[in-house]
Amino acid sequence: MAMDCTALDNQANEKGIRIPESNAVMVTIGTGRVQFYSGPSENCTMKGVFILPREQLTAYETYGDFTAVMYMNPKTGEDTEGWVKSSRVTFTGYGIGPN
């Protein structure tokens, strides 16, 4: 049976731990590409959607071993939302809102 990534994403959005806006800016760490997922599971790979180390993200919440993020491409201005493994991101100490 295939994983229902949409249902998992909805469940995670309801039960995940919210990240305060004052601490929402993260940066990718480690080596190699950071894969995006449509739900917080390795079975929900967004094929061909990834970012590189040291790229900045806005984080919204955590659920299990994953963090929900939004990435804004600095060249195109397009944004991508999804989940990344929490082990591949770290907080910068900056936020998108007041402390």
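The values are calculated or read from the model by the stated rules, or taken from the named source; none is laboratory data. The model shown is predicted, which means the values in this text are computed figures rather than measured ones. Neighbour counts run over all protein chains shown; Cβ positions are idealised from the backbone, glycine included.
What to note about this one:
- On inspection, Pro74 passes the criterion of being part of a loop (DSSP other than H, G, I, E, B), exposed (fewer than 13 other Cβ atoms within 10 Å of the Cβ) and of a type outside the set (Val, Ile, Thr).
Here is a yes/no grid of residues against (1) in contact with a Ser or Thr (Cβ under 9 Å, 6 or more places away or on another chain); (2) over 14 Å from Gly30 (Cβ atoms):
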| position | (1), (2) |
| --- | --- |
| Gly48 | no, yes |
| Thr58 | no, yes |
| Tyr71 | yes, yes |
| Ser86 | yes, no |
| Phe91 | no, yes |
| Gly95 | yes, yes |
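- So Thr76, is it in contact with a strand residue (DSSP E or B) (Cβ under 6 Å, 6 or more places away or on another chain) and of a type outside the set (A, V, I, L, M, F, W, C): no
- For segment 1-45, residues that are surrounded by 13 or more Cβ atoms within 10 Å (Cβ to Cβ), more than 12 Å from the chain's Cα centre (by Cα) and in a strand (DSSP E or B) total 1.
- Identity of the residue in segment 50-71, hydrophobic (A, V, I, L, M, F, W, C) and within 12 Å of the chain's Cα centre (by Cα), that ends up nearest to Gln35 (Cα to Cα): Phe50
- Just so you know, in segment 51-67 the residues that are acidic (Asp, Glu) and at pLDDT 95 or above include one that is nearest to Lys85 (Cα to Cα), and it is Asp65.
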